[in-house]
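Heads up: the structure comes next, in structure tokens.
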Amino acid sequence: MEIIEKIKTNKSDENLTEIQKICLHKLQSSPLPNPKSEQWRLSNKSKFSNFLNYSVNEKDSKFDTPFPNTPQSTIRLVIGNNCQINLLEENYSIQQLSKDELQKYIKEQLSFFKQNENWSDLLNLSLSCKNNILGLKINGSKIPPIEIFSHASSNSLNAKTLVIFLEKNCDVEILQVNLGKENSSLSQSTFFCLKENSSVNHGVVSYGENRSNLLNSLNIVQQKNSTYNLGSLHFKFNYARFEISIKQSAGNAKTNIKGMQITKEDEQISTYTKIEFNGPNGFLDQINKSLADDKSHAIFEGSIIVPKIAQRTDASQLSRNLLLSNLAQIDTKPQLEIIADDVKCKHGATISQLNEEELFYMRTRGITLTEASKLQLSSYFQEIISFIPVSKDKWDLLDKLLNEN
Amino acid sequence: MVNENLVKDVVKEPYKYGFVTDIETEKIEKGLNEDIIKLISQKKEEPKFLLDFRLKAFKKWQKMKEPNWAALGYKKIDYQDIIYYSAPKQKEKISSLDEVDPKLLETFDKLGIPLTEQKKLTNVAVDAVFDSVSIATTFREELAKHGVIFCSISEAVKNHADLIEKYLGTVVPASDNYFAALNSAVFSDGSFVYIPKGVTCPMDLSSYFRINSGDSGQFERTLIIAEESSSVSYLEGCTAPMFDTNTLHAAVVELIALDDASIKYSTVQNWYAGDEEGIGGIFNFVTKRGKCLGKRSKISWSQVETGSAITWKYPSCLLLGEESIGEFYSVALTNNLQQADTGTKMIHIGPKTKSTIVSKGISAGNSKNSYRGLVKMGTKATGSRNYSQCDSMLIGDQASANTFPYIKSQQPNSEIEHEASTCRISEDQLFYLQSRGIEFEEAVSMMVSGFCRDVFNQLPMEFAAEADKLLALKLEGSVG
């Protein structure tokens, strides 16, 4: 109940939007996720309560993260503080969604919500005021890459919401960056609707600072013949959850996911994915990598659901994990639920450490152990990082990761 | 194009062990309370420690809730509507097989179980359990020569109370889960095997479980202890008659392997599965667990699960001893409205432990077949390895196949590999076989048999033949 009180003390009832009221109402019946449910069972309880401990902040501090230089053409947006955009170019248009459009879509999504699976979204939507919701409608082709930032302010709990409609035949690259601040919690929910024949290369890079927390939720609906490519990377969070829900609403769509999470010290980062095929001829190729060092804990749970209608689905899921320390832990649980008979589904999971033979080979060639481990890690990372679109090079992700390791 | 109906026809085959033996039985009244437990214990003339064990388990059971995490749906079980003890009436203690009621022998004869003297030539020692009690155990003297104890658990309680007291409930404690607690409170009979140090059991041991009455549950308990450097292969088979009601079967199997010992436990489970509308059938809730206590010990589970309306079963290995090995080979076939949630747990505790999991699930009709497994590497399991492979085959578009592997590692110097796939009978392969003059049904059976080959290869000879036959019966229709 505490959490509801927290949201309410900030505002009187009249100031709440309709969505906020609906979500608050839903949270009132069961304010916290069920710790025994599959989605929350492994979540560290004290870390989770620490996430909720900060007071709610609706006004952003100045966005002070040094930008890397990106080409002029890149469109850069920061969620919060009434971010506005209205671009009408010859080939394309990027417009803000109207209040009604936003409300209608979110309400529609709310009707599918399940308490434990969508708790992060419920929290996000009940917290994020209209300043912190960004709704975009993207249309056309030859669209310059788009970068969208969400950031938390120190010593507070921040909620940011992003809704994107990708119109028919549209093709775009979007990089979403979530930045945690020292002693902060960030709740980021993203709703993506890919209309027919549209395609997106979506990158999600989240990184924090000391003691920062993150609840990052991604809800994707893919219509026919759409392609959704996701490259994601989460690191440096005391506690982070990345929840992905993808629905191929009428099948015949393609989804490629390459994600990675890196945990150190006593961090806990988890990825939960749920991919539903609601039509025939769906395609999924997913790989999730985890690396756990020190006393940290990395979790992956992925479910693939293929109902009877989803004939000729081709889905594969791979969970690869590196466990680098005696005190670290890795939990992984790939799942298949299949009713259709004419399908090709497979999954795999491995947990191991760095390959000793490869290390030995490199050392015999005069490369030091540290260098050799770095080389091996860099090839492990590279597969994921090269899949993250837009200015990934400028962000020097690989260097950042390797130097910190 | 494969004719869908044809495949469905092939899958249909009546249950041939569905007869009831008309035999006078002694049953106690329905219901479960302390008095019933005391009565069961009294009937079996048990020592006090066992009665205390039962009552303690019952108290725990009362506080527990029926688990609902499995991907199963069934109507609520009324635990007060079950008879917890039912035994064929015997005049006095039997000293040889000749004194066993001929009707009973006939029953086992029909089931193809070699109990009578002339059939003993097959060289498999059998312990036959009918409803709640063990009827007969064959080849006893032969086994005794080697120091092997093979008898019903109630006999073992009388003659080897020290071993029972020392080991019972050490692998599956009464508080382990709801059904284990229920079994601990009311278990009626089962088999007990003790292999002394250095002995390789001269023949395969086998127990055969038969549920005969429709309103009584079966709660057998099996305990196998393999002392240092010993080895044994144990086979288990089950059947039940056809009734419209659901019968509860909640068994507990405990295996203990000491240094260098090896136990191979094979099951062919063919309880009555209910009819096409899902009426009747056995509810099979079984807890099977082996403890590799000693260094280099090995426990291997192989199972062919074709029966039961509901199967809830996870034969597991606790790998404590250094370099101990756990294996799990399973074929689970579900048809009509059967539901199976089965798999294994491999808990690596000691260093350099190894485990292999091969699971094949076949779902046909409207059935539901789930693999649920856990592989865990503890902090001390350095240099341990696991390999798991779970394949599912779907026949028809109404059946469902689920895979839920949990993998947890706390030891960097260990390796876990898991892979799973789902497929159906490939039309290309069927077409190829048919174009070579192989009939449709035979082609289907060849492909199913090929799909299960990895597991069948692990079964003992007698069982491999039975398993092949069983799948043939269930899947091959007229061809079988």
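Observations on the model:
- Legend: helices of chain A (whole DSSP H runs) are marked when their alpha-carbon atoms reach 15 angstrom or more along the helix axis and their mean Kyte-Doolittle hydropathy is at least -1.0; marked are A:18-29, A:369-385.
- Computed over region B:331-424, the ratio Rg/Rh where both radii use C-alpha atoms and Rh is Kirkwood: 1.09
- For region A:247-343, relative contact order (Cα pairs under 8 Å, six or more residues apart, normalised by length) works out to 30 percent.
- Distant-in-sequence amide H partners of A:Gly135 (H built 1.01 Å from N, under 5 Å): A:Leu97, A:Val163
- Residue list for region A:154-169, given a label point 7 angstrom along the Cα-to-Cβ vector of A:Lys104 and an amide N cut-off under 17 Å: A:163-168
- Near the amide H of B:Ser86, within less than 5 Å, lie the amide hydrogens of B:Ser132, all on another chain or at least 5 residues away, with H placed in the peptide plane.
- Check: region A:2-249 dipole with +1 on Lys, Arg Cβ and -1 on Asp, Glu Cβ, in debye: 560 debye
- Residues considered: A:Glu38, A:Glu147, A:Glu243. Largest GNM mean-square fluctuation over chain A, using C-alpha springs under 10 Å, is found at A:Glu38.
- A simple spin-label model places pseudo-atoms 7 Å from Cα toward Cβ; at A:Ser93 and B:Glu417 they are separated by 5.5 nm.
- Estimated FRET transfer efficiency when R0 is 41 angstrom, pair B:Trp69-B:Lys145 (beta carbons, to 0.05): 0.30
- Shape box of region A:291-353 [Cα atoms, principal axes, largest first, Å]: 45, 15, 10
- Summing charges over neighbours of B:Leu255, with a neighbour being any other residue whose Cβ is under 9 Å away from its Cβ, gives +2 when K and R count +1 and D and E count -1.
- Inter-centroid distance (Cα atoms) of region B:42-61 relative to region A:228-272, Å: 52 Å
- Around the amide H of B:Ser388, modelled in the peptide plane, lie the amide H atoms of B:Ile357, B:Glu417, B:His418, B:Glu419, all under 5 Å away and 5 or more residues distant in sequence or on another chain.
- Most fluctuating residue given options A:Gly203, A:Gly140, A:Gly180, as computed from a GNM of chain A linking Cα atoms under 10 Å: A:Gly140
- Coarse-grained scattering of region A:2-249 at q = 0.11, 0.12 Å⁻¹, given as base-10 log I(q)/I(0) from a Debye sum over alpha-carbon atoms: -0.56, -0.67
- On the basis of the beta-carbon distance and an R0 of 25 Å, A:Lys59 and A:Glu18 show a calculated FRET efficiency of 0.70.
- Choice from A:Phe113, A:Phe191, A:Phe360 with maximal GNM fluctuation in chain A (Cα, 10 Å cutoff): A:Phe360
- Potential lengthening of the chain between A:Phe112 and A:Ile75 amounts to 10.1 nm, from the contour at 0.36 nm per residue minus the alpha-carbon distance.
- Mean residue ellipticity (222 nm) of chain A, computed from DSSP H runs ≥ 4 via -39,500 (n - 2.57), nearest 500: -6000 deg cm²/dmol
- Alpha-carbon centroid distance for the pair region B:302-374 / region A:86-153, whole angstrom: 45 Å
- Highest mean first, the peptides B:180-187, A:350-357, A:327-334 sorted by other C-beta atoms within 10 Å per residue fall in the order B:180-187, A:327-334, A:350-357.
- Value of relative contact order over region B:289-397, rounded to a whole percent, pairs C-alpha under 8 Å and six or more apart: 25 percent
- Where labels lie 7 Å past Cα in the beta-carbon direction, separation of A:Ile309 and B:Tyr432 in nm: 3.5 nm
- Mean separation of Cα contacts under 8 Å, 6 or more apart, over the residue count of chain A: relative contact order %: 11 percent
- Computed from the Cβ-Cβ distance with R0 of 51 Å, the FRET efficiency linking A:Leu327 to B:Lys56 stands at 0.85.
Any read-out appearing in this document is the output of simple, stated calculations on the displayed coordinates, not a laboratory observation. Treat the numbers as computed from the prediction; the structure is a model and nothing was measured. Cβ coordinates were reconstructed from backbone atoms using ideal geometry, including for glycine residues, and neighbour counts include every protein chain displayed.
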